[in-house]
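The values are calculated or read from the model by the stated rules, or taken from the named source; none is laboratory data. Everything numeric here is computed off the predicted structure, so don't read it as measured data. So basically every Cβ, Gly included, is an ideal-geometry build from the backbone, and we count neighbours across all protein chains shown.
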Amino acid sequence: MDLGALFGNFDNFLSFTMGGLVFGAIYALIALGYTMVYGVLQLINFAHSEVFMFGTFAVAWVFVLLHGTESATWSLGKALPILLVALVAAMLVSAAIALLLERFAYRPLIKKNAPKLIALISAIGASFALSEAMGLRDRFAGWFGLDDNLADYVSPDKARDVYSNPVTIQPTNLFKIGGYSVSDVDLVIIVAALVMMIALDQIVRRTRFGRGIRATAQDPEAAALMGVNSTRVVQGTFLIGGLMAGAAATLYMMKIGSTRQDAGFILGVKAFTAAVMGGIGNLRGALLGGLLLGVMENWGAAVFGSEWRDVVAFVLLVLILLVRPSGLLGESLGKARA
Amino acid sequence: MIRSTKSLRSFAAIASIAALTLSACGSSDDDNKTDGGTTGAAAALCGKNIAFLGALTGDAGALGQNMVNGIKLALKENDAKNPDCKIGLKPFDSQGSPDVAPGLATQIINDDTIVGLVGPGFSGESLATGKTFYDAGLPSISPSATNVTITQQGWTTWHRVIGNDDAQGKADAKYLTETVGAKKVFVVDDGQDYSKGLAGTVKTALGDALVDSDQIAVKQTDMSAVVTKVKASGADAIFYGGYYTEAGLLAKALRQGGFTGTFMSGDGSEDAQFVKIAGAQAAEGAVLSAPAGPAPSGFEATGLYATQAYDATNIFLAAINGGAADGKAINDFIGSYVGDGVSGPVAFDDKGDIKETKIYAYFVKGGKLDVENPSPIE
């Protein structure tokens, strides 16, 4: 244990904390998908990690399409136009996958009033199917004889290997806090995540659609009697979760730049943890949980060594749940006041 | 505990059954030969297969693909030279995982048509499967598993045509302190058998030049904590023990975090994917060592370990074409083999390690991993 590594030097402390906030912001955006679906359906959508993973590929594909496969290093400003296209593409792709999930993995089960556990298994199955589909994309393209034409996108024979964005986004340092320089990429990730979370929170609190979500979360039958179209609400919930996962995927690719067919798994577990930490079903809880988890991981890595980061994060989760079984802010999508 | 002992026992039982089956097959082949008498001097194991066990997909799948390319090239040449004695390839994809490999090892020893194994690809899976193959008497030659402890287990069927991590680690430390002139080296590994072994040797060999160390997890993508530690330590060079995915992400995060020292890693990172993941700018100047020289010009199979896999396959082919009729005969042949492969002179000591080994430093130059012009370290 080395507390000095974390607290001995204020610049290092800031550096560990900022690094944690950046990843925490990405966790939080993914956590929204888990939390919204849980809030409305009391169901954990384990396939949400794959919704995110498809988004990361969409980002890389857009860069290959608009730039080519030649390796390049750009500043954030230069990459911005393509990045915005990639953001739209990733949000659309992720939202489409989320809607497909809702249509084929959940709606048939919900219609038949299947127990929640059945839907959970359906989600796990869908998660594997989606991840493997991405890992076998070269074969699917091969069926149509397109694997040569699409080689840059499906990487024949290497579809399960890492797939990288050819354009590396080089962060520029904007300003210093003490001895720590804040880069534009980190700032954009944190600010973008915060803005999206606030916007979503306001949508749920203030709009007619948001009222529908809250009503369905509170009492689906009563909501239906009051004229809320519950299928639409569920669809909308998946759609929003998918859009947020697509945004998270874009921010992730800005920072990391590489993805793989199983890239969603660990991030999905972390995001789910963040959702539970903050109080699953609670939007503000997802933000708090995500940021807290990201920071705790980095602090844990600083004090105990990087191999202990997950241990520290999960011990913290257990401790929080012992004291507050429903998470830091409680489960309250339905109870949010209008 | 009880459970694992039990499964180990049943595993051993399966292994011994397989060993019996294998030896039974060997003798039945002999019978055919003497009974028929028409096959003449032809080798006894024609039409059989060589297995490959290693990562074809996953974190380090590119490396296994390189090896299979080397094996296929050797087999293709054999088919052309000896059209009457074709040998096939059965690849088994372990994803490089010590958890997946044992199940595949059982499949391999239970397959009567497999007479030898090129592999296992990595150290972790080698340690996990070595006893199974040894009990079954299946001779194996690994093109790439470099952990020191594998050949200390007494598995006499296990060989490798590549220098171990001890030699590489010492050479890497020497390169960093003498050629680069680094005064403070920070060492990171990913906790796997190969990585810990290599990083451990480097740490020991660095002595006072080691400033601090850290361990990351496989599939970790957020390197910000490591970067902060490296910068806080004032290191002027970093050594990473592990594979190209995390190596690329680490190199990228370090450069973006303002680290300007030398980035060095071992043979697990020596792949073009490293440059793609790190990005050309962050990868520039990185030094990647490997106990393997460049392939001779005009050699068809490219990529790290392709030449070793090609050489390993050719040793099996020489044994089969020389008339070896069972696993034991092949194993004896390998033990006494002396020859010149495309990767260098090949001969084994009594533990199964290659006798002569040379460590090379490869460089990332102009946005590409230069695989043709490495410089020998020793």
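Counting just the residues of the stretch A:136-150 that are under 28 Å from the mean Cα position of the chain (by Cα) and of a type outside the set (Phe, Trp, Tyr), which one comes out nearest to residue B:93 (Cα to Cα)?
Only one residue fits best here, namely A:136.
From the list A:141, A:159, A:223, exactly one residue is in contact (Cβ under 8 Å) with a residue 40 or more places away in the chain, crowded, with 16+ Cβ neighbours inside 10 Å and among the aliphatic types (A, V, I, L, M). Which is it?
A:159
Check B:116, B:96, B:88 and return the single one that is farther than 16 Å from residue B:55 by Cβ and crowded, with 24+ Cβ neighbours inside 10 Å.
Going through B:116, B:96, B:88 in turn, the sole match is B:116.
Quick one: in the stretch B:221-244, which of the residues that are charged (D, E, K, R) and either more than 10 Å from every other protein chain (Cβ to nearest Cβ) or under 30 Å from the mean Cα position of the chain (by Cα) (or both) is surrounded by the fewest Cβ atoms within 10 Å (Cβ to Cβ)?
The qualifying residue surrounded by the fewest Cβ atoms within 10 Å (Cβ to Cβ) is B:236.
Report yes if residue B:352 is under 14 Å from residue B:143 (Cβ atoms) and not in a helix (DSSP H, G or I), otherwise no.
yes
Among residues belonging to the stretch B:277-300 that are free of Cβ contacts under 8 Å to residues at least 40 places away in the same chain and surrounded by 24 or more Cβ atoms within 10 Å (Cβ to Cβ), point out the one that is farthest from residue A:174 (Cα to Cα).
B:277
Scan the stretch A:55-67 and tell me whether some residue there is at pLDDT below 95, within 24 Å of the chain's Cα centre (by Cα) and part of a helix (DSSP H, G or I).
The answer is no; no qualifying residue exists.
Condition (residue is touching a Phe, Trp or Tyr at 6+ places or on another chain (Cβ under 8 Å) and in a loop (DSSP other than H, G, I, E, B)) applied to the stretch A:125-144: is it met by at least one residue?
No.
With (1) more than 14 Å from chain A (Cβ to nearest Cβ); (2) touching a residue at least 12 places away in the same chain (Cβ under 8 Å); (3) not hydrophobic (A, V, I, L, M, F, W, C) as the list, and residue B:79 as the residue in question, which single condition is left unmet?
(2)
Quick one: would you say residue A:39 is over 19 Å from residue A:192 (Cα atoms) and more than 14 Å from chain B (Cβ to nearest Cβ)?
Yes: the conditions hold for residue A:39.
Criterion first (of a type outside the set (Phe, Trp, Tyr) and surrounded by fewer than 16 Cβ atoms within 10 Å (Cβ to Cβ)) does residue A:192 satisfy it?
no
Would you check which residues across the stretch B:352-378 are in contact with a Phe, Trp or Tyr (Cβ under 9 Å, 6 or more places away or on another chain) and either surrounded by 16 or more Cβ atoms within 10 Å (Cβ to Cβ) or within 14 Å of another protein chain (Cβ to nearest Cβ) (or both) and list them?
B:352, B:354, B:359, B:361, B:364, B:369, B:371, B:374, B:377
Restricting the search to the stretch A:153-208, which residues are within 11 Å of chain B (Cβ to nearest Cβ), assigned to a helix (DSSP H, G or I) and touching a Leu at 6+ places or on another chain (Cβ under 7 Å)?
Result: A:185, single match.
For the stretch A:43-72, which positions are within 13 Å of chain B (Cβ to nearest Cβ) and of a type in the set (Phe, Trp, Tyr)?
Result: A:52, A:63.
For the stretch A:232-253, how many residues are more than 17 Å from residue A:58 (Cα to Cα) and of a type outside the set (A, V, I, L, M, F, W, C)?
Total meeting the criteria: 4.
Check whether at least one residue in the stretch A:92-102 is surrounded by fewer than 16 Cβ atoms within 10 Å (Cβ to Cβ) and of a type in the set (Asp, Glu), and report yes or no.
No, every residue in the stretch A:92-102 fails to be surrounded by fewer than 16 Cβ atoms within 10 Å (Cβ to Cβ) and of a type in the set (Asp, Glu).
Can you tell which of B:329, B:312 is under 24 Å from residue B:150 (Cα atoms), free of Cβ contacts under 8 Å to residues at least 60 places away in the same chain and not in a strand (DSSP E or B)?
The unique qualifying residue is B:329.
If only one of A:290, A:327 is touching a residue at least 60 places away in the same chain (Cβ under 8 Å), surrounded by 21 or more Cβ atoms within 10 Å (Cβ to Cβ) and not aromatic (Phe, Trp, Tyr), which one is it?
Just one listed residue meets the conditions, A:290.
For residue B:195, are the conditions met, namely being within 12 Å of chain A (Cβ to nearest Cβ), among the polar types (S, T, N, Q) and within 23 Å of residue B:148 (Cα to Cα)?
So residue B:195 passes the test.
Among what's in the stretch B:71-85 and is touching a helix residue (DSSP H, G or I) at 6+ places or on another chain (Cβ under 8 Å) and assigned to a loop (DSSP other than H, G, I, E, B), pick the residue that is surrounded by the fewest Cβ atoms within 10 Å (Cβ to Cβ).
B:82
Out of the residues in the stretch B:245-276 that are of a type in the set (Val, Ile, Thr) and out of contact with any helix residue (DSSP H, G or I) (no Cβ under 6 Å at 6 or more places or on another chain), state the one that is surrounded by the fewest Cβ atoms within 10 Å (Cβ to Cβ).
Among those residues, the one meeting the criterion is B:260.
I need every pair where a residue in the stretch B:114-125 that is in contact (Cβ under 8 Å) with a residue 40 or more places away in the chain and not assigned by TED's automatic domain parsing to the domain that holds residue B:145 has its Cβ under 8 Å from the Cβ of a residue that is surrounded by 24 or more Cβ atoms within 10 Å (Cβ to Cβ) and of a type in the set (Ser, Thr, Tyr), sequence separation at least 6 or different chains.
Pairs that qualify, where the first residue is in contact (Cβ under 8 Å) with a residue 40 or more places away in the chain and not assigned by TED's automatic domain parsing to the domain that holds residue B:145 and the partner is surrounded by 24 or more Cβ atoms within 10 Å (Cβ to Cβ) and of a type in the set (Ser, Thr, Tyr): there are none.
From the residues in the stretch B:264-284 that are within 14 Å of chain A (Cβ to nearest Cβ) and assigned to a loop (DSSP other than H, G, I, E, B), which one is nearest to residue B:364 (Cα to Cα)?
This residue is B:284.
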